[in-house]
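Throughout, read-outs are computed from the coordinates displayed, never taken from laboratory work. All figures in this text were calculated on a predicted structure; none of them were measured in a lab. Cβ sites come from the backbone with ideal geometry, for glycine too, and all protein chains shown count toward neighbours.
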Amino acid sequence: QVQVVESGGGLVQPGGSLRLSCAASGCIFTVYAWCWYRQAPGKQLELVATISRGGSTNYADSVKGRITISSDNAKNTVYLQMNSLKPADKTVYYCHVAYDIGAYWGRGTQVTVSS
């Protein structure tokens with residue numbers, strides 16, 4: 001059974017930083033892409049960042065220059081380094097991992113940006 005578990009969320013002041021982690025386990029196949037999504041209450045799911053197995057990355061315009069996605073393929077883990085956080089970044093962040101055989105979601109980790 002594939003498990004996808006996020007961690008690292010919490011409360012941070014505006015301008016602060018957080019590093020989210022997401023670890024996947026239980027699948028013998030290689031991850032070919034990782035994604036981070038977020039969804040604020042009453043809003044659509046937003047794709048924040050992606051990274052492919054080869055290391056290619058893409059970011060939403062709203063986070064470019066402030067957020068960096070990286071992965072450790074040996075550990076089946078992806079990271080989201082978030083800097084210069086704004087109140088608008090406050091929401092639940094979800095990890096999405098894609099294998100050749102299917103894709104899986106984590107349950108999310110809450111990020112709160114408040115003074």
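General remarks:
- Number of Lys-Lys pairs in the chain with C-alpha atoms under 22 Å apart and a separation of 8 or more places or on different chains: 5.
- A crude spin-label estimate for the pair Tyr99 and Ser25, with each label 7 Å from Cα along the Cβ direction, gives 1.4 nm.
- Sum of side-chain charges, Ala60 neighbourhood, beta-carbon under 14 Å (Lys, Arg +1; Asp, Glu -1): +2
- The stretch 13-115, relative contact order [Cα under 8 Å, separation at least 6], %: 35 percent
- In plain terms, the chain from Ser115 to Lys75 could stretch by 10.9 nm, reckoned as 0.36 nm per residue minus the Cα-Cα distance.
- The convex hull drawn around the Cα atoms of the chain, when projected onto a plane and averaged over every direction, covers 6.8 nm².
- Mean-square fluctuations from a GNM of the chain, with a 10 angstrom spring cutoff on Cα atoms, peak among Gln13, Gln44, Gln81 at Gln44.
- FRET E, pair Leu45, Lys86, Förster distance 22 Å, beta-carbon r, rounded to 0.05: 0.70
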